[in-house]
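First up is the structure itself, then whatever we jot down about it.
The values are calculated or read from the model by the stated rules, or taken from the named source; none is laboratory data. Given the structure is predicted, the values throughout are model-derived calculations rather than measurements. No Cβ is skipped: glycine too gets one built from the backbone with ideal geometry, and neighbour counts run over all protein chains shown. Areas reflect the complete protein model, heavy atoms only, side chains present, ligands, DNA and RNA absent. Shrake-Rupley method; radii C 1.70, N 1.55, O 1.52, S 1.80 Å.
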Amino acid sequence: MKLGFIGTGAISDALIRGLLSSDYPVTDVIVSHRSAAVSRKLADDFDIVRVLEDNQAIIDQSDLIFLAVLPQIARDVLEKLHVPDDKKLVSLIATIPIDDLKIWLGTDAQIDRAIPLPSVEHHACVTAVYPGSPDVIELFEKLGGAVAAKTIDAFDGYAAGSALMATYFTVLESAADWMVKQGSDDADARRYLAALFAGLAENTTRSPDQSFAQLVDGHSTPGGLNEQVARAFVRENGTSAIHAALDEVFARIKAASNSG
C-alpha cells in the first residue's frame, strides 16, 4: 500500500510512525514538504518515506491519501488538486464535511473522516471514523483500534469527547495542588496521581463489557471515601459542567461544519 500525506504535522507524524512500527502492509510513504522539519525528520528516520513538494504528485502516486491541512486553508489547498474516483482518502481535517471535500477535489472517490490522537504512534488510541469504510477501519485497528460512527452527529460527538483531554489534566492538576497544600511534594503528588489514573485506565480497557457506571460501583465501597467524593462531584454540579462543556463544543463543531 502506498500512502500519501498532504500536510505533515504532528498527527501525520504520529500516524506514520505508528503504521511503520505495525504489521500494516506499507510499501511507500509520500509526504508533503510542509511542515518541513517534520517531513525531513521522517525521511531521515525511514528509508521508505519520500518528500515531495507537489501535492498533486502525492495524489497521483498514492493508493490511500491522508488530508491533514489546517481547516482554515483547506479549501485553498484542495481546490488546486484533482483526485481520480478510484483513489481512497482519509480526511483528518476538523469540521469539513465530506461533500465539501468532494466538491473541492472534483472527485467521487471514497472519503472517510477520522479523529486520530497522538497516541496512535504507540498503538494506544481508539480512532473514531466516519462512515467507516472497512479498509480504513482495518488500518486504524493496527494503531490501537477503531470505532465506526453510524451518523455524522455520532462522529461529531466523538470529536467533542476528544476535547476532554485538557479537562483530564486539569482534574489531575487540581488534585495535585490540593495534595501539595496538605504537605505533599509536588513531584510526588504528580507521580502518585499519574500512576493511579493509569491503573484505572488499564482496568477500564481490561473490562470492555462493564459500563462506566458498573466500574464506579466496583471502585466504591458503600459509605466509603470514593463514594463520598463521587457524590460530592455530582452535588457540586461536576457532571452538569461536563455536559454543558460538551454541548458547547458540539455546537461549535456543528457551526463550523455548516459554515463550510
Report summary line: If we keep only residues of segment 122-144 that are in contact (Cβ under 8 Å) with a residue 24 or more places away in the chain and among the hydroxyl-bearing types (Ser, Thr, Tyr), then the residue farthest from GLY9 (Cα to Cα) is SER133
Query raised in the report: Looking only at strands (runs of 3 or more DSSP E) that fall completely inside segment 1-90, which ones have 1 or more residues that are at pLDDT 95 or above and open to solvent by 20 Å² or more (accessible area, probe 1.4 Å)?
Result: 2-6, 28-32, 49-52
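If we keep just the residues of segment 224-243 that are open to solvent by less than 50 Å² (accessible area, probe 1.4 Å) and either acidic (Asp, Glu) or not in a helix (DSSP H, G or I) (or both), which is nearest to GLN214 (Cα to Cα)?
GLU227
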Query - Tabulated pairs, segment 109-121, first over 15 Å from ILE93 (Cβ atoms) and open to solvent by 40 Å² or more (accessible area, probe 1.4 Å), second of a type outside the set (Val, Ile, Thr) and in a strand (DSSP E or B), C-beta under 8 angstrom, 6+ apart or interchain - result: GLN110/LYS88; GLN110/LEU89
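Kindly evaluate PHE233 against the criterion of being without any contact (Cβ under 8 Å) to a residue 24 or more places away in the chain, aromatic (Phe, Trp, Tyr) and within 23 Å of THR170 (Cα to Cα).
Working: without any contact (Cβ under 8 Å) to a residue 24 or more places away in the chain: yes; aromatic (Phe, Trp, Tyr): yes; within 23 Å of THR170 (Cα to Cα): yes.
Yes, satisfied.
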Query raised in the report: How many residues are in contact (Cβ under 8 Å) with a residue 40 or more places away in the chain and of a type in the set (D, E, K, R) if we restrict to segment 160-187?
Result: 0
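In the list SER39, SER32, SER22, SER62, which residue meets the criterion of being small (Gly, Ala, Ser) and under 17 Å from THR127 (Cβ atoms)? Lay out the reasoning, then the answer.
Details: SER39 fails: under 17 Å from THR127 (Cβ atoms); SER32 fails: under 17 Å from THR127 (Cβ atoms); SER62 fails: under 17 Å from THR127 (Cβ atoms).
Of the residues listed, the single one that is small (Gly, Ala, Ser) and under 17 Å from THR127 (Cβ atoms) is SER22.
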Requested in this report: Determine the pairs where a residue that is farther than 20 Å from ALA230 by Cβ and open to solvent by less than 70 Å² (accessible area, probe 1.4 Å), located within segment 188-217, has a partner that is among the small types (Gly, Ala, Ser) and part of a helix (DSSP H, G or I) with Cβ atoms under 9 Å apart, the partner being 6 or more residues away or on another chain.
Outcome: ALA189/ALA175; ALA189/ALA176
